[in-house]
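One structure below.
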Amino acid sequence: MTLLEGRVAIVTGAGRGIGRAHALELARHGAAVVVNDYGVSLAGEGTGETPAESVVAEIEALGGRAVVNTADVADFAQAEAMVRQAIETFGGLDILVNNAGFVRDRMLVTTAEEEWDAVIRVHLKGHFAPLRHAGAYWRAEAKAGRERAARVVNTSSGAGLQGSVGQATYSAAKAGIAGLTLVAAQELGRYGVTVNAIAPVARTRMTEGAFDTSDMALPEDNSPIVAWLASAEAGDVTGRVIEIDGSTITVETGWAHGPSNDLGRRWEAAEVGPALRDLLAAAPAPEPVYGA
């Protein structure tokens, strides 16, 4: 299986769960993989573990190439060093899979400031920092006449697309990642880079205990879609968010302009209600919030 032969990938949060499955799948298709994992608990607390080492060992046992990285992906300098490690170890970088994250689920009115900051940091800044440094590398390569068929796969969530009760912070971060994906796809496209996002469904540490996961897909059910999006073959697909639920893949349509009313002058407050109610009646009903 040589879909990714000769390509170099970074997968963040790859020590367990969905990230581990991604790293193994990319390696099976021929990619050399930087296996990043900071080694934290479900709530993002340090554990002293280095699960990335076992994933690297699995890849090497398959005959693949991999290296451990323990960077905090939301640390700007460490994210830069991670990108540099891929380039110096394997001679370049073609694929960035942003997957790292954790949850601190709370109802909105009981969420602490520290919990908000921690979740937004690891998910949203933890996508931005690696993407920023990888993007700068790909821009420099393109300007030097060495444009790479580079691919970014971000990780959003149904919580970010439709909302999820008890996950206001996580939902906000994942919605931000979807928005970041759209902008990055446009800005980096001129350098040969595609940027897409997946909204995976799987039984992992993040979902077990939150609700019944007995019928949920396995982490590895998401990874073949990531492998294809990471390939040179997927060069015409960018700026998309794809939900994966076991055997079902769905292209999310996201925000789009719906019914409108141009009054031709400044609105008076008393006029807004009737006009807006007419527009809402003509618009599609919103997707239900998870847990509602």
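The modelled label-to-label distance for the pair Val165/Arg84, using points 7 Å beyond Cα in the direction of Cβ, is 4.9 nm. Note on Glu268 and Leu280: their simple-model spin labels are 2.2 nm apart, each label 7 Å out from Cα toward Cβ. Take each peptide in 82-94, 275-287, count the other Cβ atoms within 10 Å of every residue, and average; sorted highest first, the result is 82-94, 275-287.
Residues considered: Val67, Val97, Val11. Largest GNM mean-square fluctuation over the chain, using C-alpha springs under 10 Å, is found at Val67. For region 8-251, the direction-averaged projected area of the alpha-carbon convex hull comes to 12.4 nm². Of the residues Tyr191, Asn36, Thr238, the one whose Cα sits farthest toward the positive end of the charge dipole of region 8-251, with +1 on the Cβ of Lys and Arg and -1 on the Cβ of Asp and Glu, is Tyr191. Around the amide H of Val33, modelled in the peptide plane, lie the amide H atoms of Ala9, Arg65, Ala66, Val67, all under 5 Å away and 5 or more residues distant in sequence or on another chain. Each Lys and Arg adds +1 at its Cβ and each Asp and Glu adds -1 at its Cβ; summed about the Cα centre, the chain shows a dipole of about 740 debye.
The numbers here are math on the coordinates, done by the rules we state, and not lab data. Just so it is clear, the model here is predicted, and its values are computed rather than measured. When we count neighbours, we look across all protein chains shown, and the Cβ atoms used for this are built from the backbone with ideal geometry, even at glycine.
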